[in-house]
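Student: One structure follows; several queries about it will come next.
The values are calculated or read from the model by the stated rules, or taken from the named source; none is laboratory data. Every value quoted in this text rests on a predicted model; they were computed, and no experiment measured them. Please note: Cβ atoms are built from the backbone with ideal geometry, for glycine as well, and neighbour counts cover all protein chains shown.
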Amino acid sequence: MKILFASPEVAPFIKTGGLADVAGSLPQALAKEGHEVKVILPLYEGIGQEWRSQMTFLKYFNVTLSWRQVYCGVFELERDGVTYWFVDNEYYFKRWQIYGHFDDCERFAYFSRAVIETPGQLDWAPDVIHCNDWQTALVPVYLLEEKYRIPQLAHAKSVFTIHNIEYQGRYGEQVLKDVIGLDASYFNEGMLAYFGDVNLMKGAIMASNFVTTVSPTYAQELRTPFYAKGLDGVINQQAGKIEGILNGIDMELYDPATNPGLTANFTTKALVKGKNECKLALQKAVGLQENPDIPIIACISRLVGHKGFSLVTDVLHEIMGMDVQMVVLGTGDWQYEEAFRHAQSQYPGRFAAQLTYSAPLSTMIYAGADIFLMPSISEPCGLSQIIAMRFGTVPVVRETGGLKDTVTPYNKFTGEGRGFTFSNINAGDMMWVLREAVDLYHNNKKAWRSLQKAGMTADFSWTNSAKQYLDIYQRIQD
């Protein structure tokens with residue numbers, strides 16, 4: 001099968017979040033199953049010279065975007081069995097940030113047009129075009145018309161993945177004709193119309209052959225107004241073609257036995273010594289008291305409301321009233337940054353606020369902490385809890401989205417489980433299970449080690465998820 005995977009960001013070339021990790025790992029897993037996979041992304045200014053030096057220029061052509069004829073260059077790079085196509089246009093992509101510009105609608109409408117035009121220009125006929133989030137949401141819409149003009153797209157089907165429904169690509173009706181180049185029928189007949197505006201994600205849900213989300217629970221949650229951010233009606237209308245497939249991680253990249261970023265590597269058979277060395281290194285790095293016997297609670301996240309940090313700040317003094325240390329890594333809303341900054345001064349040597357983002361430090365925290373706190377209000381999939389488990393750090397999570405699908409709660413009668421969970425959006429409930437986790441750490445080392453090992457040995461690879469995607473690709477071909 002020939003698969004074209006379109007994404008606005010792809011690791012390791014350019015990354016702002018979990019979408020890049022998915023776009024970096026899933027195509028490789030599909031390629032390992034014996035399929036021909038090409039990934040297409042913009043050639044941003046932030047893509048470094050180490051990658052540019054490996055690229056080959058293929059050709060250039062003009063893309064039609066409404067009344068414009070716009071230059072499009074295509075560069076190619078092959079890596080780990082996958083071919084990457086980079087769309088070159090400095091007017092749209094030579095920016096210091098990849099999102100957040102006044103003309104993002106036009107930029108990603110252009111990219112979507114380039115995704116549609118490139119297969120014909122390079123004489124390659126994909127069976128499936130797999131699009132991701134609002135930045136590529138126009139691809140399934142454009143495909144409806146262009147597949148009859150471009151022979152290479154005649155048999156192409158589209159799959160659209162919702163990674164986070166909070167970002168839908170919503171713009172005023174005036175963008176329809178002049179910016180994205182579609183006539184009023186797309187609005188009047190309801191494909192793109194949304195409370196008087198144009199909604200690109202709605203268009204992708206309506207136009208694509210199949211829609212996926214990044215966890216089974218999230219797919220069900222999106223049928224309710226609380227989670228769907230206004231699109232629950234559309235989701236329920238199209239529910240017959242929507243499924244949730246859990247994201248995976250690169251099991252080799254996040255292997256504590258071989259990861260080069262750890263002070264000491266460790267396995268399930270040699271766990272305690274390695275984790276303790278990693279803990280002491282973390283304590284030293286962030287200014288916590290060096291003590292291997294005290295549990296460290298960690299958070300690595302954007303510090304924003306839907307990540308549940310109001311629950312944390314509401315009971316922060318109760319958390320610090322336990323025999324614990326705490327480290328928070330991330331940036332975000334002012335009120336959370338200020339609360340954690342104040343906690344660091346109030347609890348010196350016991351609370352560390354690292355209000356930045358650092359990949360090396362995040363690895364140290366995953367490996368050196370004991371408890372990973374993730375109380376999200378909504379979490380489409382979440383990779384942090386999976387990575388934490390891989391490094392023997394026990395998660396405490398709210399039962400939502402991918403957190404519910406990946407963290408089975410500890411059963412004190414059978415010893416089963418991978419972590420601790422709570423369901424209500426309530427700081428008291430979170431505090432209850434956090435106390436349970438700390439108590440188990442201090443008073444039942446055997447059960448604690450069992451939880452750690454269950455998380456470390458769980459199969460969160462892309463192999464199973466890739467097979468589920470392939471099953472969907474095959475179904476829409478039939």
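Student: Could you please give the count of residues in segment 172-190 that are surrounded by 14 or more Cβ atoms within 10 Å (Cβ to Cβ) and touching a residue at least 60 places away in the same chain (Cβ under 8 Å)?
Tutor: Number satisfying all stated conditions: 5.
Student: Next question. Cβ-Cβ distance below 7 Å, separation of 6 or more or different chains: which pairs start in segment 79-93 with a residue that is under 11 Å from Met55 (Cβ atoms) and in the same structural domain as Pro12 (by TED's automatic domain parsing) and end on one that is of a type in the set (Lys, Arg) and modelled with pLDDT of 95 or more?
Tutor: What qualifies is Trp85/Lys38.
Student: Out of Glu90, Glu50, Glu33, Glu78, report the one residue that is charged (D, E, K, R) and in contact with a Lys or Arg (Cβ under 8 Å, 6 or more places away or on another chain).
Tutor: Going through Glu90, Glu50, Glu33, Glu78 in turn, just one is charged (D, E, K, R) and in contact with a Lys or Arg (Cβ under 8 Å, 6 or more places away or on another chain): Glu33.
Student: While we're looking at this one, here's another question. Quick one: would you say Leu451 is buried (at least 21 other Cβ atoms within 10 Å of the Cβ) and over 30 Å from Gly24 (Cβ atoms)?
Tutor: Taking the combined requirement at face value, the residue does not satisfy it.
Student: State yes or no: is Phe111 over 27 Å from Ile249 (Cβ atoms) and of a type in the set (Phe, Trp, Tyr)?
Tutor: The answer is no for Phe111.
Student: Please tell me if Ala285 is farther than 12 Å from Ala427 by Cα, under 28 Å from the mean Cα position of the chain (by Cα), crowded, with 19+ Cβ neighbours inside 10 Å and small (Gly, Ala, Ser).
Tutor: no
Student: Then there is this: What pairs come up if the first residue lies in segment 408-437 and is touching a residue at least 24 places away in the same chain (Cβ under 8 Å), the second is of a type in the set (Ser, Thr, Tyr), and their beta carbons are under 6 Å apart, counting only those six or more places apart or on different chains?
Tutor: Gly415/Ser450; Gly417/Thr408; Gly417/Tyr410; Arg418/Thr408; Phe420/Tyr410
Student: Provide a single number: the residues in segment 169-191 that are part of a loop (DSSP other than H, G, I, E, B) and either closer than 17 Å to Tyr110 by Cα or among the aromatic types (Phe, Trp, Tyr) (or both).
Tutor: Number of matching residues: 7.
Student: Can you tell me which residue is farthest from Lys177 (Cα to Cα) among those in segment 89-98 that are modelled with pLDDT of 95 or more and surrounded by fewer than 20 Cβ atoms within 10 Å (Cβ to Cβ)?
Tutor: So the residue we want is Lys94.
Student: Looking at segment 207-240 only, could you name the residues that are within 19 Å of Tyr194 (Cβ to Cβ) and part of a helix (DSSP H, G or I)?
Tutor: Result: Ala207, Pro225, Phe226, Tyr227, Ala228, Asp232, Gly233, Val234, Ile235, Asn236, Gln237, Ala239.
Student: Quick check, is Phe420 part of a strand (DSSP E or B) and aromatic (Phe, Trp, Tyr)?
Tutor: yes
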